[in-house]
Each structure stands twice: as structure tokens, then as C-alpha cells.
Amino acid sequence: MADVTNASRPSVVVGVDGSEHSRRALEWAAGEARLRGAVLRIVPALPVGLTRSGGPDPHVDAAARGLADLAALARRLDRRPVAVTSDIVNGLPVKVLTEESRHCALLVLGSRGHGGFANLVLGSTAVEVTARTACPVVVVPPGADVRNRSGAVVVGVDDSTGSESALEFAFARAEQRRAHLVAVQVWNPPKQFSGHSAADIERVRRDSEELLANTVARWQIRFPDVIVETRSIEGHVVAELAAASVGGEVVVVGRRGRSVVAGAFLGSVGQGLLRHAVVPVVIAR
């Protein structure tokens with residue numbers, strides 16, 4: 001139903017559901033597609049059973065009109081052209097968006113909320129999709145400045161393979177945008193240090209700083225032009241990453257791993273970050 005675009009071009013897919021949060025995700029995705037020179041693909045997933053089966057169907061017709069309006073909106077954003085394609089795809093949202101992720105460079109979603117900072121509720125679709133997709137996922141929180149493209153790229157670092165994926169994405173993005181990169185490692189004394197001494201804490205701090213410095217140094221060999229600030233912080237990972245990302249463009253984390261950033265990302269830590277971050281959250285793969 002939409003523009004015919006060059007299938008060989010990379011695409012940025014945004015999942016929409018008609019909410020204000022998904023419109024904010026659409027605006028961020030449109031800007032991202034422009035910067036990448038990519039096609040913006042808008043995908044609303046209808047509930048199973050709402051396919052057209054011969055005659056007119058008011059549900060499908062209403063969805064088609066809404067999708068056409070969103071495509072027109074995406075073309076108007078920032079008064080700069082962006083190539084847009086869109087389709088009504090029948091199926092459960094998680095299944096549809098997971099399949100879309102196999103064919104795109106980036107998948108963008110909005111999160112949902114019902115009031116102030118403490119009461120934000122993360123959309124269940126966002127949680128499920130981030131666990132299954134074949135490409136990086138960006139979740140745009142309600143309070144994000146979707147037009148901010150000049151802030152630092154913030155990345156959470158630990159010693160996991162998931163962290164390596166996050167670092168690769170973050171360094172590449174910082175290089176492409178000529179942006180400052182902030183690498184954050186959050187640490188706490190091990191539980192066995194319940195009676196820890198100042199020397200014990202100092203040893204953990206030094207080990208954390210050394211790991212962070214060595215990890216960043218490896219990536220700077222590959223991306224020598226990226227300016228990096230490192231922060232090794234004792235504290236709670238959600239609070240520290242959310243604080244570090246204020247004023248930034250995105251905060252990047254890995255999907256899986258052994259330690260607090262990646263290992264718990266789809267658990268309470270990850271859901272906490274998606275609730276409380278004030279910039280788009282990238283879950284790298």
C-alpha cells in the first residue's frame with residue numbers, strides 16, 4: 001500500500017500501535033533512517049483474525065487509513081525527505097516484529113507508561129521483542145528528546161560477550177556521528193565482602209578500572225578517532241547508567257552476559273533501565 005523502494009537499501013523498522021509513545025518512536029526512527037540513508041519501514045501488527053477475507057473489513061480499512069497517515073507524517077518530520085514503506089501485517093506483534101528484525105538494520109519500539117517517573121510501565125511487547133530479535137533494538141522512552149542527535153553515546157561495559165556487542169555498536173555509532181563516547185562500568189563489592197575492609201573495596205575498584213581501561217583500549221585500536229571518557233562507578237547499575245545518559249543521544253547495553261549490565265538486562269535491571277532512562281535505549285546484539 002506504500003511507496004515502492006529499493007529493496008537493496010538498509011531499512012529501519014518501527015513498530016506502531018497508534019499510541020502517542022509509538023508516534024515518538026516513529027519520529028526517532030524517521031530521523032535515524034535519514035542519517036543512515038535507509039528506508040523507514042512502518043509496521044503495525046493487527047491481531048490475529050483481522051485479515052481481509054474477500055469483502056470490506058472496517059478494522060482493516062481503519063488500520064490502512066491510520067498507517068497512511070503515519071507514513072505521511074514520517075515524510076514531513078523535520079521537513080527533510082525520507083523514503084517510507086509500510087504494510088499491514090497480520091499476526092501477533094511479537095511474532096511480526098521478530099520476523100521483521102531478520103531483514104532490517106535496526107528495530108525501533110516505544111515503551112508505555114501511565115504517569116510519573118516511578119509509575120512507568122514497560123510494554124510487554126518491548127520486553128518480548130528485545131529478547132528474540134535478530135538485530136539491535138531501540139526502545140524510545142516517553143520522556144526522550146527524539147530530536148537530540150548531538151549528545152554523547154553512552155555504553156554500559158562489563159566482562160561479557162554481550163558487552164562486546166554493545167561496545168562495537170557504540171563505537172561505530174560514535175565514529176559515524178563524530179560523537180563523544182562515555183563508557184560506564186558499574187561495580188559493587190562482592191557479597192563475600194560483607195565484612196569488607198577499605199583495602200578490599202580499593203582492590204575491587206582498581207580491578208574494575210583496569211578491566212574498563214583494557215576493554216576500551218582494545219576498541220580504540222579499531223576506532224582511533226573516537227574520543228572516549230571512562231567511568232568506573234560504585235553503585236546501582238540502573239541508576240548509574242540512567243544518570244550517565246542524561247543529555248546523551250542513546251545509551252547502549254548488551255543483551256546477554258554474566259554480570260550486572262548484560263546478564264540481568266532482560267530481568268529487573270534491564271526493565272528498570274528501560275523504565276527510567278531519559279534517552280533511547282539500544283539493546284545491541
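Since every read-out is calculated from the coordinates, none of them should be taken as a lab result. As the structure is a computational prediction, the values presented were derived from the model and not from experiment. Cβ atoms come from the backbone with ideal geometry, glycine included; neighbour counts cover every protein chain shown.
A few points about this structure:
- Charge tally in the Cβ shell below 14 Å around ARG222, where Lys, Arg are +1 and Asp, Glu are -1, ARG222 excluded: -2
- Remark on THR85: its backbone amide H falls under 5 Å from those of LEU40, ARG41, ILE42, a criterion applied only to residues 5 or more positions apart or on other chains, H modelled at 1.01 Å from N.
- Backbone geometry of region 84-95 corresponds, through the Karplus equation with coefficients 6.51, -1.76 and 1.60 at θ = phi - 60°, to 3J(HN,Hα) couplings of 10, 10, 8, 8, 8, 10, 7, x, 5, x, 4, 5 Hz, x marking Gly and Pro.
- Counting every other Cβ atom within 10 Å of each residue's Cβ, GLU100, GLU164, GLU209 order from fewest to most as GLU209, GLU164, GLU100.
- Counting neighbouring beta carbons within 10 Å and listing from fewest to most, the residues VAL129, VAL43 come out as VAL43, VAL129.
- Each residue of region 152-158 was assigned a 3J(HN,Hα) from its phi angle through the Karplus curve 6.51 cos²θ - 1.76 cosθ + 1.60 (θ = phi - 60°); the sequence is 6, 8, 9, 9, x, 10, 8 Hz, with glycine and proline shown as x.
- For VAL182, the residues 5 or more places off, or on other chains, whose built amide H falls under 5 Å of its own are VAL153, VAL154, VAL155, GLU229.
- Between VAL16 and VAL43, ALA45, the built amide H atoms are under 5 Å apart, and every one of these is 5 or more places off in sequence or on another chain.
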